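All remarks here apply to the structure that follows.
The values are calculated or read from the model by the stated rules, or taken from the named source; none is laboratory data. The model shown is predicted, which means the values in this text are computed figures rather than measured ones. Positions of Cβ are backbone-derived with ideal geometry, glycine not excepted, and every protein chain shown enters the neighbour counts. Please note that ligands, DNA and RNA were not included when accessible areas were found on the heavy atoms of the full protein model with its side chains. Shrake-Rupley method; radii C 1.70, N 1.55, O 1.52, S 1.80 Å.
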Amino acid sequence: MARKYFIAGNWKMHKTRAEAAVLARELVAALKDGRHKYLIAPGFTTLETVAALIKDSNILLGAQNCAVEEQGAHTGEVSVLQLKDLGVQTVILGHSERRHIYKEDDGLINRKVRLALKHGLDVILCVGELLEEREDGRAEAVCKRQTVEGLKGISADDFSRVTIAYEPVWAIGTGKTATPEDADAIHAYIRKVIGELYGSGAAESVIIQYGGSVKPDNAAALMAKENIDGALVGGASLESGTFVPIAKFS
Ligand code: PEP
């Protein structure tokens, strides 16, 4: 089965509503004839603004995180119900900044993945090793653990709404990119793990994005690899001048 490229932008903790609106308008115009699947994940406070601007476009609305509980006394958290209410279709979970700065572990991430899927949201589940884990030869083991634990209890049916993003932590926001060959090798390995969990059909159809300093000048070489099906873009997604060439790579 041919997999469709999926290019997503993670705006992290950037942009006021006015700034987000400018970028959203630029992307709607520039990507309307784009051939791939697109998503942008603005910060929580700009979701409503961006939702209104992209609602009739080919760009999906993503959130960068959600609370582990459905609702209740959780000061400062944002629930899946609130995200759905704003028109969010997909939530990014297990991003390395959530894992390493905010100490989210595999168990917590798994509960979030299950909750989001239960409420009909799609999920981008991020996995990826630290530099020292790579240097110790543990990159595959770490990605396997994060994939298997993150997907615990998720049916094959629900898994069809999960995208995996392989993001080596040492490449995020550092300007260092995994070589296309190194990235492809881990993607192939994650695909094999998915096959063990859900069978060969799921392994063949799962979308595995690469993330880690993707830029206009390296996107095409990464996407040319057999097992790389798209990109999760941080820094370069903050300006249309850098995101659009990635989104329209050929
Ligand atoms: C990310 O945050 O998911 C990411 C890949 O960031 P950057 O593109 O800036 O490395």
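Going through (1) within 16 Å of the ligand (Cβ to nearest atom); (2) part of a helix (DSSP H, G or I) one by one, Leu108 falls short only on (1).
When you check Lys32 against the structure, is it open to solvent by 90 Å² or more (accessible area, probe 1.4 Å), at pLDDT 95 or above and either within 16 Å of the ligand (Cβ to nearest atom) or more than 24 Å from Ile101 (Cβ to Cβ) (or both), yes or no?
Yes.
Residues that are over 27 Å from Ala220 (Cβ atoms) and hydrophobic (A, V, I, L, M, F, W, C) within the range 5-21 comprise Met13, Ala18, Ala20, Ala21, listed in sequence order.
Scanning the range 130-157 for residues that are aliphatic (A, V, I, L, M), open to solvent by 40 Å² or more (accessible area, probe 1.4 Å) and under 11 Å from Ile190 (Cα atoms) yields a count of 2.
Restricting attention to the range 111-131 and to residues that are out of contact with any strand residue (DSSP E or B) (no Cβ under 6 Å at 6 or more places or on another chain) and among the charged types (D, E, K, R), the residue that is nearest to the ligand (Cβ to nearest atom) turns out to be Glu129.
When the residues of the range 207-240 are filtered to those that are under 20 Å from Glu19 (Cα atoms) and within 15 Å of the ligand (Cβ to nearest atom), the one that is most open to solvent (accessible area, probe 1.4 Å) is Glu239. Every listed requirement among (1) open to solvent by 70 Å² or more (accessible area, probe 1.4 Å); (2) under 25 Å from Ile154 (Cβ atoms) is met by Val127 save one, (1).
Rundown of residues vs (1) in a loop (DSSP other than H, G, I, E, B); (2) within 18 Å of Ile246 (Cα to Cα), yes/no style:
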position: Trp170; (1), (2): no, no
position: Gly175; (1), (2): yes, yes
position: Ala183; (1), (2): no, yes
position: Ile190; (1), (2): no, no
position: Ile194; (1), (2): no, no
position: Leu197; (1), (2): no, no
position: Gly201; (1), (2): no, no
position: Val214; (1), (2): yes, yes
position: Lys225; (1), (2): yes, yes
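Is there a residue in the range 174-189 that is within 19 Å of the chain's Cα centre (by Cα) and in contact (Cβ under 8 Å) with a residue 60 or more places away in the chain? For the range 174-189, residues within 19 Å of the chain's Cα centre (by Cα) and in contact (Cβ under 8 Å) with a residue 60 or more places away in the chain: absent. In the set (1) under 18 Å from the mean Cα position of the chain (by Cα); (2) over 25 Å from Ala219 (Cα atoms), the condition left unmet by Val127 is number (2).
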